[in-house]
C-alpha cells in the first residue's frame, strides 16, 4: 500500500460529447515524494501494467490511457498525469489500443506508457517534492478551447512575425502587442509555442521564460543551442513534440 | 540580375531605387548587430534578457541608446569616425538611427566600399549605404541619420 501524502484533492465531473457519452468522476491528488523507498514503490506499482484498479490509488496504464482518451482524446500527455489518478464511475468501453491525434500530436498507447515511465523516473531522479497543484490541472483547457487557443496563437504569431521580422531590436520584437498577448495566454500556450519553435525557430525564448518563470539556457548560448535547450526543457516537462 | 526581394523593398522603399544584392537566406539566428561584429550564432541587443540574446558589456538598465552601442563597440576595439568613406587599413560599421534617435540597424563595410547588412530576421544583403537610409515611419529605410565607427584591419 502506498503511503501518499495528500496536501490537496478535488474532484470534477466531466461529461464528454463522445460517441459513447461516458460520464465519469475524476479525482486528482497531488502528493509529495518523501523518501527514495516511496519512489521505488511508485515505480513498481506503475510498471504493473496489467493491474486492475478498483480503488482510489492506481497507476494502471489503462487508466492513464482512458484519462487521456476521455479528457480530450486529443490532449498532449501532461506531466501531472504521472502523479494523478482517476476513479471511473461510468462505463469504460474505450478501446485502450486506439491511437489518437490532433493537429500537433500523435501517440500510440505504447509510447504513452513509455512516456509515463520516463516521467516517473525523472521525478524520482530529480527528487521532485510536489507535482503541479490540482488547480493547475483543472485549469487545463478542454479540446475545443485548445483548438481555439491554437487558432488564436496562429493569428497573433503570424501578425507579430509580419510586423517585426525586419526589425533588429529584440525589445521591439518581444514587446510587440501580439507577442504580449501570447504571453498573457499563460501556461496553456507553452506546448503550442514549443511546437512552433520546433517547426520554425523564432524568438519565443522570452515568452517561454515569462510564462514559465524558468530559464534553462546558459548565458552565451547560441540561438540553436537555445532552441534545443527549450525543446529539451519541454520534453522534461512532459510536453509532447511531434 | 540578382534576386529581387519584394518583401524588403515594400518595407524599405530606398532599396528599390538603389543597389542591393541578396547574399544569404533568411534566418533568426543572428541580427544586424551580431552580423556587424561577425557573430553569426546569436542575436545581439542591449537587453538583459536570457540567452541567446547577447551584449558584450554589462547592461542592467536596458539602455538602448546610441551611447550604449558606441560603448559596446568601443569595447570591441572600434572608434568613432566622421564618415563611411572607404579608408585603407580600416573596416567601418554604420549605426542607423530612427526618428527618435535610437539605434535601429547596423551595417558593416565591405572591402570594395559597399556595405553588408542582416535585415532583422530576413536576408543578408550587400547594398549601397543609402539603400537602407530613410525615414522608418515612411517605410523608406531603417533611419535617416547614420553614425560611423571604424577598426583597424
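What to note about this one:
- For the stretch B:93-107, the tally of residues that are closer than 14 Å to residue B:129 by Cα and surrounded by 22 or more Cβ atoms within 10 Å (Cβ to Cβ) stands at 7.
- Total residues in the stretch B:41-71, condition within 14 Å of chain A (Cβ to nearest Cβ), surrounded by 17 or more Cβ atoms within 10 Å (Cβ to Cβ), under 14 Å from the mean Cα position of the chain (by Cα) and not in a loop (DSSP other than H, G, I, E, B): 2
- Top-ranked residue of the stretch A:197-217 - restricted to ones that are within 20 Å of residue A:167 (Cα to Cα) and at the interface with chain B (Cβ under 7 Å from one of its Cβ atoms), ranked as surrounded by the most Cβ atoms within 10 Å (Cβ to Cβ): A:205
- Residue check for residue A:161: out of contact with any strand residue (DSSP E or B) (no Cβ under 7 Å at 6 or more places or on another chain), within 13 Å of chain B (Cβ to nearest Cβ) and either closer than 29 Å to residue B:106 by Cβ or part of a helix (DSSP H, G or I) (or both): yes
- Residue B:84 more than 12 Å from every other protein chain (Cβ to nearest Cβ) and either under 29 Å from residue B:3 (Cα atoms) or crowded, with 16+ Cβ neighbours inside 10 Å (or both): yes
- Applying the condition of being surrounded by fewer than 21 Cβ atoms within 10 Å (Cβ to Cβ) and in a strand (DSSP E or B) to the stretch B:108-132 and asking which residue is farthest from the other protein chains (Cβ to nearest Cβ) yields B:126.
Quick grid of which residues meet (1) at pLDDT below 95; (2) closer than 25 Å to residue A:226 by Cα; (3) out of contact with any strand residue (DSSP E or B) (no Cβ under 7 Å at 6 or more places or on another chain):
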position	(1), (2), (3)
B:31	no, yes, no
B:38	no, yes, yes
B:59	yes, yes, yes
B:73	no, yes, no
B:81	no, no, no
B:94	no, no, no
B:99	yes, no, yes
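- Qualifying positions in the stretch B:1-26 - at the interface with chain A (Cβ under 10 Å from one of its Cβ atoms) and over 21 Å from residue B:103 (Cβ atoms): B:7, B:10, B:26
- Residues in the stretch A:164-182 that are closer than 13 Å to residue A:206 by Cα, touching a helix residue (DSSP H, G or I) at 6+ places or on another chain (Cβ under 7 Å) and within 13 Å of chain B (Cβ to nearest Cβ): A:172, A:173, A:174, A:176, A:179.
- Taking the stretch B:98-107 as the range and being over 14 Å from residue A:170 (Cα atoms), touching a helix residue (DSSP H, G or I) at 6+ places or on another chain (Cβ under 8 Å) and either outside any strand (DSSP E or B) or more than 14 Å from every other protein chain (Cβ to nearest Cβ) (or both) as the test, the residues that pass are B:98, B:99, B:101.
- Candidates A:220, A:186, filtered to the one that is surrounded by fewer than 20 Cβ atoms within 10 Å (Cβ to Cβ) and within 24 Å of the chain's Cα centre (by Cα): A:186
- The stretch A:196-208, subset touching a helix residue (DSSP H, G or I) at 6+ places or on another chain (Cβ under 9 Å) and assigned to a helix (DSSP H, G or I), residue nearest to residue A:152 (Cα to Cα): A:196
The values are calculated or read from the model by the stated rules, or taken from the named source; none is laboratory data. Source: prediction; values computed, not measured. All Cβ positions, glycine included, derive from the backbone under ideal geometry; neighbour counts span all protein chains shown.
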